1. Tell me the residue from A:GLU82, A:GLU25 that is of a type in the set (Asp, Glu) and within 9 Å of chain B (Cβ to nearest Cβ), please.
2. Would you call B:ARG100 farther than 19 Å from B:VAL255 by Cα, within 14 Å of chain A (Cβ to nearest Cβ) and assigned to a helix (DSSP H, G or I)?
3. Keeping to segment B:87-101, report how many residues are farther than 16 Å from A:ASN88 by Cα, surrounded by 20 or more Cβ atoms within 10 Å (Cβ to Cβ) and in contact with a strand residue (DSSP E or B) (Cβ under 9 Å, 6 or more places away or on another chain).
4. Test of understanding: among A:LEU96, A:LEU65, which residue is more than 8 Å from chain B (Cβ to nearest Cβ), aliphatic (A, V, I, L, M) and surrounded by fewer than 20 Cβ atoms within 10 Å (Cβ to Cβ)?
5. Which residue pairs have Cβ atoms under 9 Å apart, sit 6 or more places apart or on different chains, and have a first residue in segment B:244-265 that is more than 14 Å from every other protein chain (Cβ to nearest Cβ) and in contact (Cβ under 8 Å) with a residue 40 or more places away in the chain and a second that is part of a helix (DSSP H, G or I) and among the basic types (Lys, Arg)?
6. Can you report the number of residues in segment A:53-62 which are within 7 Å of another protein chain (Cβ to nearest Cβ) and assigned to a strand (DSSP E or B)?
7. Scanning for something in a helix (DSSP H, G or I), surrounded by 16 or more Cβ atoms within 10 Å (Cβ to Cβ) and within 14 Å of chain A (Cβ to nearest Cβ), does segment B:109-131 turn up at least one residue?
8. Could you name every one of the strands (runs of 3 or more DSSP E) located completely within segment A:113-214 that has at least 2 residues being among the basic types (Lys, Arg), farther than 20 Å from A:GLU82 by Cα and over 15 Å from the mean Cα position of the chain (by Cα)?
Amino acid sequence: MNKVFLDNVTKQIKNENVLTNVSIEFESGKIYGIFGRNGSGKTMLFRVICGLLKPTTGSVYYNNLRLHKDISFPPSVGVIIETPAFWNEFSGTENLRMLASIQKKASTKDIRDSLISVGLDPDDKRPVKKYSLGMRQRLAVAQGIMEKPDLIVFDEPTNALDEEAVELVRDILVREKERGAIVLIASHNKDDIRLLADVTYQMDSGKIKEAVLI
Amino acid sequence: MNIAFFKKPIGKRLFILAVLGGILLALYFKLTNFNKDNRDLSVAILEDLGTLEIETIFHVLPALVFALPFLLFILNTGDFVYSEYETKGVIVLTRLQDKRIWYWRMMFNIFKLSFFYLAILFISFIFTGILLGYSVEFTYLKEVLFLYILSLLTWTAFSVLSNVVCFITRSGLGYVSVITIYFVSLFSSAFIYDVFPTGQKWIIWFPTSQQIISWHDFSLNLGESAFRLGSYTLEFSFVYLFVLNIIIGVWLYIVIHRYESYEEG
């Protein structure tokens, strides 16, 4: 069983606390939903968890490994933070192939399967620059799951998606949870959180608390 | 790691700019040197890409023409590393697990872009020169190679510096500071030449001076100007640029290592 543990994490940016004394634990096989208004600290929390921001005080642990001390980034993580940029001149499949070539964890079949699961055609030769915003978001989800990561950190995963794609992504997240991944999602869409999350947190002014969505 | 991972459309754009740059420069210098027929191509390259008459810098146009290929290069690569970090850092760095690997790849990419851009610029200039009737003797091939290496090292250093400024200022405008340094360096040389002739030895310390081969203590008489610094050797420039690249490269490493991306799009 994998665990992510934040121990009293505070992050200051330009002398302002964007996260304040956040202590929280995430376990595999669960979906954690985090909601809060814009600027409440959801994205900063995700950046800290992914190793992209270093806590000013406190620590982040991935199992027993301390981020920024034992490891620089979580060893197995699929991330969406805002809609990521891709290599616009290349097709969706080529983009995923290039990303997969870094860790060599995803096979060609994994890449094709992840594209199909988000409703994209793996044989589509069009360059990503011709993709709509919704297609880019689907591609972002595909890159986040293709390597079957232990930790999935998706910030607003259903942004810019139509109803059909929203359903696909929700199904994917449930499957990932059942596979045993730790799934963290942040969304301003309370339906996503309500329908998917096993545990719900609310963020406000950089502080986190467990909450129930009705 | 697959090398295709770092393929960039920027390469295609730079290729076109280098071809056009070479053609334009060859045409420009053919027009401004209409009385010099049957020049050897190697001399043409040394005079046209490695020579700037110090007296004409304040006329601005010669300095601008001289700087044109550099400006096109820096406008396209000056925020390359920074923009890669901000746009794809999340999905790339979390896979690489180590910023150092990414840093070395980016340094290699800048060097590679600089290498091919200059090579294509030179080749385009040579082909246009042949069409314009220059002779293909290449008497000074070694010197052309020196000019190429000096330009390569100078431009790589400026491009890396521009990216350092981008990271520090958190904006894609690093090239503004680098272009400023480039021209301040050029115009300061001209100012010293005009106003403080006794201080001319300081000109060799300006970064832009390193790629102007005609200012070096050199066996060829290049251009119309007699301006040449007696103790200004090519060896000095190679060492200067080598050290400069290391310093700026280490600076970029430190900046990237400390950089935290937190801007929300």
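The values are calculated or read from the model by the stated rules, or taken from the named source; none is laboratory data. What you see is a predicted model, and the numbers here were worked out from it, not measured in a lab. Ideal geometry is used to build each Cβ from the backbone, glycine not excepted, and the neighbour counts take in all protein chains shown.
1. A:GLU82 is the lone residue from the list that is of a type in the set (Asp, Glu) and within 9 Å of chain B (Cβ to nearest Cβ).
2. So B:ARG100 does not fit the description; no.
3. Residues in segment B:87-101 being farther than 16 Å from A:ASN88 by Cα, surrounded by 20 or more Cβ atoms within 10 Å (Cβ to Cβ) and in contact with a strand residue (DSSP E or B) (Cβ under 9 Å, 6 or more places away or on another chain): 3 in total.
4. Matching residue, one of A:LEU96, A:LEU65: A:LEU65.
5. Partner pairs satisfying both residue conditions: B:TYR253/B:LYS99; B:TYR253/B:ARG100.
6. 0
7. For segment B:109-131, residues in a helix (DSSP H, G or I), surrounded by 16 or more Cβ atoms within 10 Å (Cβ to Cβ) and within 14 Å of chain A (Cβ to nearest Cβ): present.
8. It comes to A:207-210.
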